[in-house]
Amino acid sequence: MKKDGNLIGAGIITAFTASICCITPVLALMAGTSGIASTFSWLEPARPYFIGITILVLGFAWYRKLRQPKGIDCNCELPQKTKFTQTKTFLGIITAFTILMMAFPNYAHIFYPRTQKQVIIVDQSNIHTMEFTISGMTCTGCEAHVDHEVNKLPGILSTTTSYENKNSIVEFDTSKITVEDIEASINSTGYTVTGKNEK
């Protein structure tokens, strides 16, 4: 029975590790320390392996739980009450939790509040669009983190961030904000601006 507990623990740890690079930015937002957001981005290339290990570990735990015990059925011993942590129900809860953890990068963006603001444009010639090349982003949670931080700035009209393209396209009013301020805001998330290009 101790082996089952070890398997469940290993499954939870590997599921958490598989998504930690996307969990960290959300935790950083909640804690108000956005600079630590990209701390675990180096784990992203190993994510498929962590997911594979999690599936194998939980699959083996289910195999052990569902297989019929072999032996002689005799009524010489009173059955002992099974602890909740050793039941199929508990293993089912753990399995559902690990699936949610592994899928976290797909829904991490919902934890970022929408920044709604109205920008009054005085002179259309002040509106510029800049593309910032960014390193360190690994999922949609990273995109939402960058968009959230940049949208806090005055004069931002729109942001479109893509971790796949490794960039953020920002439309802004140069009379209210500078390119340097936007770059500093992106860098404050823990990701790094490696280049910029006016669109």
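Descriptive notes on the structure:
- Segment 112-198: C-alpha pair distances exceeding 20 Å, %: 26
- For GluC sites (Glu not before Pro), the sites in segment 129-199 that DSSP calls loop and that have at most 12 other Cβ atoms within 10 Å are GLU164.
- Modelled FRET efficiency - R0 25 Å, ARG64 with LEU100, Cβ distances, 0.05 increments: 0.65
- Mean separation of Cα contacts under 8 Å (6+ apart) over length of segment 112-198, as relative contact order %: 39
- Centre-to-centre, using Cα atoms only, segment 170-185 and segment 135-163 are separated by 13 Å.
Here, each number is a calculation from the coordinates, and none is a lab measurement. A quick note: this is a predicted structure, and the numbers were derived from the prediction, not measured. Glycine also receives a Cβ, built like all others from the backbone with ideal geometry; neighbour counts cover every protein chain displayed.
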